[in-house]
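*Asks:* Handing you this structure, nothing more for now.
The values are calculated or read from the model by the stated rules, or taken from the named source; none is laboratory data. Note that the coordinates shown come from a computational prediction; the quantities given were computed from them, not determined experimentally. Cβ: placed from backbone, ideal geometry, glycine included. Neighbour counts: every protein chain shown. Accessible surface areas use protein heavy atoms only, side chains included; no ligands, DNA or RNA. Shrake-Rupley method; radii C 1.70, N 1.55, O 1.52, S 1.80 Å.
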Amino acid sequence: MVTSPRSQRALLVFVVLALLFGITAWLANVYHAERRHRAEAYYRRAENLARAGRLAEGVEVYRAAIGYAPNAARYQLALALALMDLGRLQEARSHLLEMHESDPANAWIDLLLARISAREERIDEAVSEYHQAIYGLWPRDAGSNRIQAGFELVDLLERTGRTGPALAELLALSEETPQDPTVQTRVAFLLLEHGSAPRASELFLKVLESNPHNAAAALGCGEAAFAQGNYTSAENWFRKAVQWDPSNAEAAQGLAETAEIRSLDPTPVTLSAAGRYERVRTLVSRTLDALDACAAPGSSAEIENLIPDAEEFLRKNRVHHEGDTPRAVELAEQLWQARKQVCGTPPKSEEALDLVMAKVAK
Amino acid sequence: MAAGDSFLDDLRTRLGSYRIAIGDAERFSLLAILIGVFAGLLVVLFHIAIDFLGWTSIGAITTRLRYGRLAAPALGGLVSAALVLRVFRAAQGSGVNQTKAAIYVSNGYIPASTILGKFIACSISIGSGNSLGPEDPSLQMGAGVASILGRVFGLPRSSMRMIAPVGAAAGIAAAFNTPIAGVLFVMEEVIAAWNAAMVGSILLAAVAAVVVERWFLGNQPLFRVPSFQFTHPSELLVYALLGILGGFASAIFVRLIESLRGRLEKLPPWTRYVQPMVAGLIVGAVGLWLPQVMGAGYDAIDNALHDEFLWRMLLILGLAKILVTTICFSSGIPGGMFAPTLFSGAMIGGGLGGLAHLYWPESVSPASAYVLVGMGTFFAGVFRAPMTAIIMVFEVSASYVIILPVAIASTIAYFISRQLHPVPFFTMLARQEGLDLPSAEERRAVPILHIEDAMTPAPVPVLSRDASFSEALAFLDANRLSQCLAEDGTGGWTLVSRETLVHLGGLPTEPLPRLYPDLPVDAALRLLGANAILPVVSRANSETLVGTISLDNIAKAYKL
């Protein structure tokens with residue numbers, strides 16, 4: 001039983017303290033609940049504004065939401081995305097860096113930071129951040145998100161002329177692609193663009209193993225074979241691609257081109273001497289037409305002599321004779337070199353001729 | 001059974017003989033913790049009240065009335081000013097000087113009505129959007145809580161003066177969520193002296209208050225601070241420039257308040273109800289265009305720290321805040337100056353940093369880094385508390401890297417501000433109210449004399465400890481001395497005079513108190529009443545006499 005005045009005062013103080021604690025606890029609960037409610041209300045309003053395309057207004061409302069709930073990563077992320085869409089990259093980065101501090105392994109944040117760095121042309125930083133995104137922790141859909149990050153990185157490297165690193169990334173990506181034929185095909189086409197035709201071919205064949213009538217993979221096989229100069233194989237693949245997808249215009253074009261190349265190519269060992277000569281005569285004729293078409297009269301003395309020689313050859317040597325083929329090949333090469341010197345790079349319509357002449361020159 | 005009973009009896013006797021001895025220091029420390037808890041709870045309630053008032057009344061006015069933002073601060077200013085003019089007169093002003101006055105004039109007495117008045121009036125004034133902050137009122141309310149508890153627990157008068165700063169530190173630490181900065185500010189500004197004995201209690205109270213505040217309001221800071229970047233050492237030049245700019249700006253700010261406040265106080269008494277209303281209208285008008293300047297402004301600081309504003313906007317906000325804060329504070333609306341000072345500094349710093357980053361992006365960090373340093377710089381310039389500024393910025397950012405830039409900028413700002421406006425801010429306010437309160441600046445300006453500044457340095461004539469009666473007399477004659485010191489061989493010193501020689505028939509044996517050169521002269525004065533001369537010895541070896549000191553020495557040192 002407390003009787004002394006001091007003890008009574010002490011008791012009173014602690015009673016008041018307990019009351020104050022209780023009141024504060026209750027009020028704090030109400031306060032936090034109100035803050036959460038307001039934060040969510042602002043967030044929903046901001047989302048609606050963003051969906052309606054009113055991003056600038058939405059950003060202000062997102063900020064209001066964050067004001068009520070500063071630790072809410074969801075709101076911060078939404079604000080950062082809106083800021084990125086508005087092009088306010090420095091500000092978006094600022095919010096993302098803060099989120100990164102509290103959640104350093106979050107790969108989604110790394111990806112967004114990489115996108116900002118890429119847009120700001122801070123390439124080295126972007127590459128590093130893309131790597132962090134590729135190898136970081138994804139809360140959902142890790143596989144597809146990693147692939148997406150990988151593709152973006154490759155695009156960035158290509159765009160900035162870093163083809164070597166781009167190819168390295170593609171090779172790494174090709175190792176990690178899942179059994180998704182669309183993804184694998186995309187990777188393979190990118191490998192092909194970067195000159196890695198054999199590797200691309202492997203991947204296309206892998207796709208066809210699990211997806212036998214995949215027209216895109218067949219097209220890819222055709223293009224890979226074409227890039228490696230194997231026009232017979234290329235023609236077969238293009239034909240298959242057209243069979244499986246008649247609407248595939250690229251495959252149709254590829255088929256036409258390879259057919260043209262094969263009709264012009266005098267190098268196959270299966271050709272008879274007469275047949276080879278006939279093809280070489282055609283080459284002379286085509287190269288002569290090409291030179292005639294683009295070279296102006298009197299453009300060069302060499303051409304002035306070459307054209308009549310070629311015309312005479314064609315007139316006099318309609319049938320194959322011993323020794324005619326090498327002469328014809330020589331003429332065709334001379335004509336084609338002259339055409340390239342005088343008229344520059346051949347147009348698309350002469351691409352087949354150019355490829356055959358390159359093959360013949362070898 | 002009998003053996004067991006005797007064992008228990010023995011145990012009871014032994015336990016009963018142990019008493020927990022709680023000395024005064026321990027009681028004071030326990031009381032400090034209790035004060036911290038109470039102050040923390042009060043600050044939490046204050047924070048909630050400001051926000052609720054802002055949402056439910058002002059927010060409602062703003063949404064319902066097209067020009068609600070114009071009306072809210074005017075209404076809030078009028079009501080809060082009327083409260084402090086008619087009902088709670090001690091709750092006027094920011095709270096810092098009022099606390100100091102309570103300590104130095106009223107011996108630490110702060111009535112409960114002050115806490116109530118401050119709570120209600122400042123909740124209304126700040127919640128309605130007037131450009132003032134909650135930290136200073138929290139400081140006063142904390143001091144008030146300490147004063148009440150001190151009286152409840154019957155502290156003696158000498159302790160009552162010490163207890164108010166404990167509560168003040170608790171209040172401001174909780175309000176700003178920075179315990180160490182809170183302690184430093186109270187030491188620098190409220191107590192105006194470094195008192196090692198008080199630091200412990202103040203720190204206990206501050207930490208207790210912050211723990212309570214975080215318990216209820218969460219760990220999130222007042223504004224989110226991104227990690228500080230220090231791009232290149234050459235940036236330090238920009239920070240130095242910030243210090244110069246901050247120094248000038250803070251001096252201008254203080255002069256503006258001094259000038260406007262002085263003029264407004266000379267107006268007829270009835271205008272004291274109109275002034276806050278007009279001030280509120282001006283704040284509201286500016287707020288229609290720049291809503292960021294209303295209230296404490298922490299949201300805007302948060303946004304500035306996240307690069308929301310371009311450098312021009314930052315500078316405009318900084319200048320606008322200086323303007324509206326000057327008007328609000330000078331018109332008599334109750335509320336604090338901390339938050340507006342931090343806001344202004346943040347914006348000015350960010351503006352300069354943003355401009356520099358535009359021209360030198362490779363070597364200058366983005367504006368957000370300068371926002372942080374700017375806060376500390378302006379704070380140091382206005383309040384002349386550079387240590388508090390540095391530690392506060394460090395506590396808020398949790399970055400060691402920031403210490404150097406903020407130290408450079410704050411120190412430069414401090415010196416420039418001191419040159420341009422020698423009277424510190426709170427001293428200026430106190431003098432306008434007819435008070436002369438101590439300040440750390442004042443105390444720094446008054447040099448403390450140490451014993452080494454006043455003593456007669458060695459060598460001085462010292463009698464050998466083996467001297468006989470006649471040798472001692474001869475020594476005194478030869479040196480024409482009436483008295484001298486003799487060392488007793490164990491590091492002790494005695495005073496030998498003709499009178500003592502004759503009286504004792506030999507050398508005295510009673511050792512004199514020893515002094516050291518680094519002690520203040522005050523230590524010698526306390527002892528010279530009973531002793532004509534005192535030895536000043538080395539701390540490394542008490543047998544080594546460094547000098548002697550007497551009242552004559554001290555009089556000469558003080559030029560008396």
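*Asks:* Using the Karplus curve 6.51 cos²θ - 1.76 cosθ + 1.60 with θ = phi - 60°, what ³J(HN,Hα) values do you get for each residue of the stretch A:124-131, in whole Hz, with x for Gly and Pro?
*Replies:* Whole-Hz 3J(HN,Hα) from phi for the stretch A:124-131: 4, 5, 4, 4, 4, 6, 5, 4.
*Asks:* While we're on this one: Anything over 30 Å Cα to Cα? Flag those among B:K100/B:K559; B:K266/B:K321; B:K118/B:K321; A:K206/A:K340, in the order listed. Don't skip to the answer; put the middle values down first.
*Replies:* On the way: B:K100/B:K559 32 Å; B:K266/B:K321 25 Å; B:K118/B:K321 23 Å; A:K206/A:K340 40 Å.
Table pairs above 30 Å Cα-Cα are B:K100/B:K559; A:K206/A:K340.
*Asks:* Hey, rough spin-label estimate for B:A540 and A:A10, points 7 angstrom out along Cα→Cβ, what's it come to in nanometres?
*Replies:* 5.1 nm
*Asks:* Amide H of B:V496: which non-local residues (sequence gap of 5 or more, or other chain) have their own amide H closer than 5 Å, using H built in the peptide plane?
*Replies:* The answer is B:C484, B:L485, B:A486.
*Asks:* Please report the accessible area of A:R276 (heavy atoms, 1.4 Å probe, ligands and nucleic acids excluded) in Å², nearest 10.
*Replies:* 70 Å²
*Asks:* Okay, moving on. To the nearest Å, what is the center-to-center distance of the stretch B:110-189 and the stretch A:336-362, using C-alpha atoms only?
*Replies:* 90 Å
*Asks:* First check a/c for the stretch B:108-182, with a ≥ b ≥ c the square roots of the eigenvalues of its C-alpha gyration tensor; if it is under 1.5, answer rounded, and if not, answer prolate when a/b is larger than b/c or oblate otherwise.
*Replies:* Oblate, since a/c reaches 1.5 and b/c is not below a/b.
*Asks:* Determine ³J(HN,Hα), in whole Hz, for all residues of the stretch B:552-560 in sequence, where each value follows from phi through the Karplus function 6.51 cos²θ - 1.76 cosθ + 1.60 and θ = phi - 60°; x replaces Gly and Pro.
*Replies:* 3J(HN,Hα) across the stretch B:552-560, in whole Hz: 4, 4, 5, 4, 5, 5, 8, 6, 8.
*Asks:* Please determine, in degrees from 0 to 90 and to the nearest 10, the orientation of helix B:24-53 with respect to the longest principal axis defined by the Cα atoms of chain B, where the helix direction is its Cα long axis.
*Replies:* Approximately 10 degrees, to the nearest ten.
*Asks:* Using only Cα atoms, find the angle between the long axis of helix B:235-265 and the longest principal axis of chain B, and express it within 0 to 90 degrees, rounded to the nearest 10.
*Replies:* 80 degrees
*Asks:* Send over a whole-number figure in Å² for the accessible area per residue of chain A, probe 1.4 Å. Could the numbers behind the result be given before it?
*Replies:* Working: 18320 Å² over 362 residues.
Counting only protein heavy atoms, the per-residue value for chain A is 51 Å².
*Asks:* Measuring from label point to label point, each 7 Å out along Cα→Cβ, what is the B:L116 to B:D466 span in nm?
*Replies:* Inter-label distance under the simple model: 8.1 nm.
*Asks:* To the nearest 500 deg cm²/dmol, what mean residue ellipticity at 222 nm is calculated for chain B from DSSP H runs of n ≥ 4 alone, each contributing -39,500 (n - 2.57), summed and divided by the residues?
*Replies:* Working: 25 runs with 355 residues, N = 560.
Roughly -20500 deg cm²/dmol at 222 nm, from the helical runs in chain B.
*Asks:* For B:S106 and B:R498, compute 0.36 nm times the residue count separating them, minus their Cα-Cα distance, and round to one decimal in nm.
*Replies:* 136.0 nm
*Asks:* Just subtract the alpha-carbon distance of B:Q419 and B:L358 from 0.36 nm times their residue separation and send over the number in nm, one decimal.
*Replies:* Length gained, B:Q419 through B:L358: 18.8 nm.
*Asks:* When the helices in chain A are scored as -39500 (n - 2.57) per DSSP H run of 4 or longer and the sum is shared across all residues, what 222 nm value do you end up with, to the nearest 500 deg cm²/dmol?
*Replies:* Numbers: 17 runs with 286 residues, N = 362.
Mean residue ellipticity at 222 nm (helix-derived): -26500 deg cm²/dmol.
*Asks:* Which residues does the label zone of B:W289 cover in the stretch B:128-164, counting backbone N under 19 Å from a point 7 Å along Cα→Cβ?
*Replies:* Once the point is set 7 Å along Cα→Cβ of B:W289, B:130-131 turn out to lie under 19 Å by backbone N, inside the stretch B:128-164.
*Asks:* If you don't mind, another one. Could you tell me what percent of the DSSP beta bridges with both partners in chain B are antiparallel, to the nearest 5?
*Replies:* Values: 14 of 17 bridges.
Percent antiparallel among DSSP bridges in chain B is about 80.
*Asks:* Further question on the same structure: Counting Lys +1, Arg +1, Asp -1, Glu -1, what net charge surrounds B:T341 among other residues with beta carbon under 14 Å of its beta carbon?
*Replies:* -1
*Asks:* Would you be so kind as to list the residues of the stretch A:1-38 that have their accessible area lowered by at least 40 Å² in the full protein complex compared with their chain by itself (1.4 Å probe)?
*Replies:* Listed in order, they are A:R6, A:R9, A:V13, A:L17, A:L20, A:F21, A:T24, A:L27, A:Y31, A:H32, A:R38.
*Asks:* A follow-up question, please. Can you send over the carbon and sulfur percentage of the accessible area for chain A, probe radius 1.4 Å, protein chains only?
*Replies:* Ligands and nucleic acids excluded, carbon and sulfur reach 54 percent.
*Asks:* Chains A and B: what accessible area do they bury, summed, in square angstrom to the nearest 100, with a 1.4 Å probe?
*Replies:* By this definition, chains A and B bury close to 3000 Å².
*Asks:* For the stretch B:239-392, give the percent of accessible area contributed by carbon and sulfur heavy atoms, probe 1.4 Å, rounded to a whole number.
*Replies:* Values: 3680 of 5030 Å².
Here it works out to 73 percent.
*Asks:* So how much accessible area does B:M162 have, in Å² to the nearest 10, using a 1.4 Å probe?
*Replies:* We get 80 Å² for B:M162.
*Asks:* Hey, another quick one. Given a 1.4 Å probe, show me the residues in the stretch B:297-317 buried by at least 30 Å² of accessible surface when comparing the whole protein assembly to the chain alone.
*Replies:* So the qualifying set is B:H306, B:D307, B:E308.
*Asks:* Quick one: which residues, 5+ away or cross-chain, put their amide H under 5 Å from the amide H of B:G547? H built at 1.01 Å from N.
*Replies:* B:A458, B:V536
*Asks:* How many angstrom lie between the C-alpha centres of the stretch A:242-277 and the stretch B:277-323?
*Replies:* Comparing the Cα centres of the stretch A:242-277 and the stretch B:277-323, I get a distance of 74 Å.
*Asks:* Between B:D522 and A:A52, what's the calculated FRET efficiency when r is the beta-carbon distance and R0 is 51 Å? Round to 0.05.
*Replies:* That gives a FRET efficiency of 0.10.
*Asks:* With θ set to phi - 60° and the Karplus curve 6.51 cos²θ - 1.76 cosθ + 1.60, what are the ³J(HN,Hα) couplings of the stretch B:132-146 in order, to the nearest whole Hz, using x for Gly and Pro?
*Replies:* 8, x, x, 6, 4, x, 5, 4, 5, 5, x, 5, x, 4, 4
*Asks:* Calculate, for A:R119 and B:S158, the FRET efficiency according to 1/(1 + (r/R0)^6) with r their C-beta to C-beta distance and R0 45 Å; round to the nearest 0.05. Display every interim value, and only then the final one.
*Replies:* On the way: r = 67 Å, r/R0 = 1.49.
So, using R0 = 45 Å, E works out to roughly 0.10.
*Asks:* If I model a spin label as a point 7 Å beyond the Cα along the Cα-Cβ vector, how far apart are those points for A:A301 and A:L86 in nm?
*Replies:* Modelled inter-label distance: 7.3 nm.
*Asks:* Right, next: Expressed as an acute angle from 0 to 90° and rounded to the nearest 10, what is the orientation of the C-alpha long axis of helix B:386-397 relative to the principal long axis of chain B?
*Replies:* The angle comes out near 60 degrees.
*Asks:* Set the Förster radius R0 to 56 Å, insert the Cβ-Cβ distance between A:D309 and A:E176 as r into 1/(1 + (r/R0)^6), and round the FRET efficiency to 0.05.
*Replies:* After rounding, the FRET efficiency stands at 0.45.
*Asks:* Can you give the % of DSSP beta bridges in the stretch B:410-560 that are antiparallel, to the nearest 5? It would help to have the intermediate numbers written out before the result.
*Replies:* Details: 13 of 16 bridges.
In the stretch B:410-560, DSSP labels about 80 percent of beta bridges as antiparallel.
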